[in-house]
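The values are calculated or read from the model by the stated rules, or taken from the named source; none is laboratory data. The model shown is predicted, which means the values in this text are computed figures rather than measured ones. We place every Cβ from the backbone using ideal geometry, glycine too, and count neighbours over all the protein chains shown.
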């Protein structure tokens, strides 16, 4: 398939999706919010400042500042100086700062200098990590409440 045929095929697909979305709105039903894909910071881009996204972020360039997103992926060419916040933070690049995430993953090529606050942490073979790792405060509270609630549940069952 040549380039023009591919462009026409993509254009037709976009037109079809727009038609379906318009038809859904005209029937009185709210249009579903579609996933737009991750916001991408390419290797050619350097940013000084804070990045915030309600969705996912893929970073392959340089960022000096804090980053906040749902899923934040740090590519192998990325260099970050700041704090990275997210539900999931996956790094294959270099971070000088801090990670705060429910799930943090350092791939084999990752270089991390700073602390990681997490509920789940994976460090791949070959990754460099110089800092402290500690569970997120919410994870500690949940674990404590489970430890307290579990014996009470057992006692209540034996009383019945």
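Quick look at the values:
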read-out: Test result for residue 48, modelled with pLDDT of 95 or more and more than 18 Å from residue 112 (Cα to Cα); value: yes
read-out: Residue 39 modelled with pLDDT under 95 and either over 24 Å from residue 136 (Cβ atoms) or assigned by TED's automatic domain parsing to the domain that holds residue 134 (or both); value: yes
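Okay, residues lined up against (1) crowded, with 19+ Cβ neighbours inside 10 Å; (2) at pLDDT 95 or above; (3) assigned by TED's automatic domain parsing to the domain that holds residue 118; (4) in contact with a helix residue (DSSP H, G or I) (Cβ under 8 Å, 6 or more places away or on another chain):
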{"residue": "15", "(1), (2), (3), (4)": "no, no, no, no"}
{"residue": "54", "(1), (2), (3), (4)": "no, no, yes, no"}
{"residue": "59", "(1), (2), (3), (4)": "yes, yes, yes, no"}
{"residue": "64", "(1), (2), (3), (4)": "no, yes, yes, no"}
{"residue": "75", "(1), (2), (3), (4)": "yes, yes, yes, no"}
{"residue": "90", "(1), (2), (3), (4)": "yes, yes, yes, no"}
{"residue": "94", "(1), (2), (3), (4)": "yes, yes, yes, no"}
